[in-house]
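The values are calculated or read from the model by the stated rules, or taken from the named source; none is laboratory data. Keep in mind that this is a model prediction, so the values were computed, not measured. All Cβ positions, even for glycine, are placed from backbone atoms using ideal geometry, and neighbour counts span all protein chains on display. Heavy atoms of the whole protein, side chains included, go into the accessibility calculation; ligands, DNA and RNA do not. Shrake-Rupley method; radii C 1.70, N 1.55, O 1.52, S 1.80 Å.
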Amino acid sequence: MQRIERKGRNVQVLRFNVRGTNDVKSLLAISDIHFDNPKCKREDLRRHLDQALERNAAIAIFGDLFCLMQGKYDGRATKGDIRPEHNVPNYIDAVINEAAEWFKPYAKNLVLVTPGNHETSITSRLETDVIERFCQLLRSQGGVTLAGGYGNFLSVKINKNNTRGSKVIYSHHGYGGGGGFTRQTGAFQKYLTQINADIYVAGHIHRKECFPLMRTRLSNKFKPVSDTLYFIRTGTYKDEFIDGAQGWANERAMGARPLGGYWIDFQYKGREGVSYKVYETD
């Protein structure tokens, strides 16, 4: 079982214990769930979370767990975009409480939830941190879930007896927009020049991609050594397209968006440190 520790308001350490070099430990990286939106594909989300339980994988949600656009405070509110169970006077509470109950079976695997622009909007408008409230509810039910930052550092440490290796994941929920072909790929260049990490994760634009970048440095023995960085753009679980007939997204010809996220498999390699591979959820 993994262990998660908070080292700062946006810094955590995720520890895995392994038995040997064939022992693989997984992290499910997802974002933009928009759990309370009627267009959220909860059946796909549940399938991926159940797969995480089967693999005893850690789960991290990198922003926009919630939508929360149907309150009195929001000029975007529409009657068709609220679930009946949330159409109550204590709207925000109803959404958080239902989410905490729905995610309860995954509370011991859900290690991290970071805010996205939908959650930070609530904080600025209503002066409450919905992500921290959600995480507190899960912890009160025996979970381990921690709240992170919009920009966040997650150090993944693989321990075998008294030896260990590690990789650093830097996540930033995202900003701006992204076209179907560009997918705001250039944003990763900004993260790369600002932050030193092994894996970079972003969401926000409801696009999806994953690609490696090789980096070469001089070792202590003055030999060129290459390693791989990965850039991961997680998709969404909100299907605004449906059949393309109507709705805000269809009026703007935004098209269908890719659903789901990525698995990151970590493997301890002894003197070689930690290797990892990244692949899509199915």
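Observations, loosely collected:
- Test: residue in the range 22-31 that is farther than 19 Å from V201 by Cβ and acidic (D, E): yes
- When the residues of the range 168-187 are filtered to those that are among the hydroxyl-bearing types (S, T, Y) and open to solvent by 30 Å² or more (accessible area, probe 1.4 Å), the one that is farthest from F16 (Cα to Cα) is T182.
- Of the residues contained in the range 242-258, none is found to be out of contact with any helix residue (DSSP H, G or I) (no Cβ under 6 Å at 6 or more places or on another chain) and at pLDDT 95 or above.
- Hits in the range 14-29 (condition: closer than 23 Å to Y170 by Cα and either in contact with a Leu (Cβ under 8 Å, 6 or more places away or on another chain) or open to solvent by 20 Å² or more (accessible area, probe 1.4 Å) (or both)): L14, R15, N17, V24, K25, L27, L28
- Qualifying residues in the range 111-145 (those that are assigned to a loop (DSSP other than H, G, I, E, B) and acidic (D, E)) - the one farthest from D44 (Cα to Cα): E127
- Within the range 161-191, tally of residues that are assigned to a loop (DSSP other than H, G, I, E, B) and either of a type in the set (S, T, Y) or without any contact (Cβ under 8 Å) to a residue 60 or more places away in the chain (or both): 13
- When the range 35-69 is filtered for residues that are in a loop (DSSP other than H, G, I, E, B), out of contact with any Asp or Glu (no Cβ under 6 Å at 6 or more places or on another chain) and open to solvent by less than 40 Å² (accessible area, probe 1.4 Å), the ones remaining, listed by number, are F35, D36, N37, A57, G63, L65, L68, M69.
- For the range 126-173, a residue qualifies if it is β-branched (V, I, T) and in contact with a Lys or Arg (Cβ under 7 Å, 6 or more places away or on another chain), and the qualifying residues are V144, T145, V156, I158.
- Enumeration of residues in the range 78-95 that are more than 20 Å from Q136 (Cβ to Cβ) and polar (S, T, N, Q): T78, N87
- Cβ-Cβ under 7 Å pairs, at least 6 apart or on other chains, the range 42-70 side at positive phi and touching a residue at least 12 places away in the same chain (Cβ under 8 Å), far side open to solvent by 30 Å² or more (accessible area, probe 1.4 Å) and part of a loop (DSSP other than H, G, I, E, B): N56/M1; G63/H204
- Residues located in the range 88-105, provided they are open to solvent by 10 Å² or more (accessible area, probe 1.4 Å) and in contact (Cβ under 8 Å) with a residue 24 or more places away in the chain: I92, N97, E98, W102, K104, P105
- In the range 140-167, the qualifying residues are those that are open to solvent by less than 30 Å² (accessible area, probe 1.4 Å) and polar (S, T, N, Q), and the one that is farthest from the chain's Cα centre (by Cα) is N159.
- Checking K108 against (1) without any contact (Cβ under 8 Å) to a residue 60 or more places away in the chain; (2) assigned to a loop (DSSP other than H, G, I, E, B); (3) closer than 25 Å to R3 by Cβ, the condition it does not meet: (1)
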